Amino acid sequence: MIKNNFFYKKFFGQNFLIDKSVIKKIVSLIDPKKKELFLEIGPGKGALTFPMCNFLNKLFVIDIDSDVLFFLKKNNFFYKIHFFLQDILTFNYLDFYIQNGKNRIRFFGNLPYNISNKILFSLIKNFIVIKDMHFMLQKEVAERILSKHNTKKYGRLSIIMQYFFHIVKLIDVPSRAFFPSPLVDSIFLKFLPHKLFPKMFFDFNIFSDITRVAFNQRRKTIKNNFKNVFAQDVFLQFNIDPNCRPENISLKKYCQLTDYFIRYNFKNKKKIT
C-alpha cells in the first residue's frame, strides 16, 4: 500500500497515526522536556517524532524498516533525530542507558500490534533503565493490561505489567485516527515504574513461569494447573481456594506463590512445568 510515496508494509504491523488533534493531545500528555532522554519505538512517518522534536534537544528512534528511517531523514528535524535501524526485540537497552550517562529513558511510541506483548516483556527485563513509558496499544491488549482479578480479561499480561508499573489509561483513539485504518480501536497508556515492591525473594523468570503455567489452561482450577508445582496445602497457607480459577487470584497472591517457590523449591532446582 502506498501513500505520499511511502510503502506501508503489513508484515511489520504498520498503522500510522494521522489525526492531528490526537497527535497534539498525546505530545501534551507525554510532556517532554528538552534535556530528557527519549527513545521512540516505531516512529513511522514521524507523526509523534517531529512534534516531539519541537521540545527536545535530541530524540532517539528505533525501527526495523529502513524505508521509515530514510523517510524521517528527509525532514527538517533530521539533525535532532538519532536513528537505530534494528529489531526492537534485540536492542540492548542497558548499553544505550550506560552510553547516555545512566540517565533513565522515557519511552514512547505506537507499538506494532503484532508484537506489542513481546516488546513490553523485553522492556520489563530492562526495568532498571525506565523512567516512564507512553504507548499506543490495541484496545483489547490495553484492557487486558488494566484488568483486575475476578474479571475475564485479567491474565498473565495484567499481572506482570501491574507488578512493575502503575498504569494509567490516558485517551481512547479510534481506528479512523490511523492509516491504514486498523480493524480495532486503540488506547494510549502511561506506565510509571513502581518505586516500592513487595518484600520478597523475587525472580522475574520464576514469576513469569508461574503466571504462564497458571494461565496456560485458564478454565481449569488452580490445583490442576499447579499439580506438579505446589501441594494443595500451599494454597491454603495464602487463603487461596484450590478450586478457583487463575483469574480469581490477585497479583499479591501470585507474588506470594512466587516467593514460596523460590524459598522452598528453587534451591533444589525444581522446575516449573
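Judged by the gyration tensor of its Cα atoms, with axes a ≥ b ≥ c, region 58-143 is oblate; a/c meets the 1.5 cut and b/c is at least as large as a/b. Taking the three principal axes of the alpha carbon atoms in region 18-80, the coordinate ranges are 29, 27, 20 Å, sorted in descending order. All C-alpha pair distances within the chain, sorted into 5 Å bins from zero, spread as 1, 5, 12, 15, 16, 14, 11, 9, 7, 5, 3, 1, 0, 0 percent across the bins. Of all the options Arg218, Arg156, Arg106, the one that moves most in a Gaussian network model of the chain with Cα springs shorter than 10 angstrom is Arg218. The ellipsoid equivalent to the alpha-carbon distribution of region 82-220 has semi-axes of 23, 23, 14 angstrom, derived from the gyration tensor eigenvalues as √(5λ) and listed largest first. Any of Lys33/Lys125; Lys45/Lys74; Lys102/Lys131; Lys169/Lys252; Lys24/Lys45; Lys227/Lys253 with alpha carbons more than 19 Å apart? Name them for me. Check vs 19 Å cut-off fails for Lys33/Lys125; Lys169/Lys252. A Cα-only calculation for region 170-228 places Rg and Dmax at 18.5, 48 Å. Between Gly44, Gly109, Gly101, where does the largest GNM mean-square fluctuation fall for the chain, given springs only between Cα atoms within less than 10 Å? Judging by the Gaussian network model, the answer is Gly101.
Quick one: check the C-alpha center-to-center distance for region 241-259 versus region 184-225, whole angstrom. About 10 Å separates the Cα centre of region 241-259 from the one of region 184-225. Split the accessible area of region 1-156 by element, probe 1.4 Å, and carbon with sulfur accounts for 54%. When each of the peptides 169-176, 130-137 is scored by the mean number of other C-beta atoms lying within 10 Å of its residues, the order from highest to lowest reads 130-137, 169-176. Among Ser122, Ser66, Ser181, which one moves the most in a GNM of the chain with springs linking Cα atoms closer than 10 Å? Sorting by GNM fluctuation, first place goes to Ser66. In the chain, what % of DSSP beta bridges are antiparallel (nearest 5)? Given both bridge residues lie in the chain, the antiparallel proportion sits at roughly 50 percent.
The values are calculated or read from the model by the stated rules, or taken from the named source; none is laboratory data. The structure presented is a predicted model; accordingly, all values stated were derived computationally and were not measured. Note that each Cβ is placed from the backbone with ideal geometry, even for glycine, and that neighbours are counted across all protein chains shown. Ligands, DNA and RNA are excluded from the accessible area calculation, which covers all protein heavy atoms including side chains. Shrake-Rupley method; radii C 1.70, N 1.55, O 1.52, S 1.80 Å.
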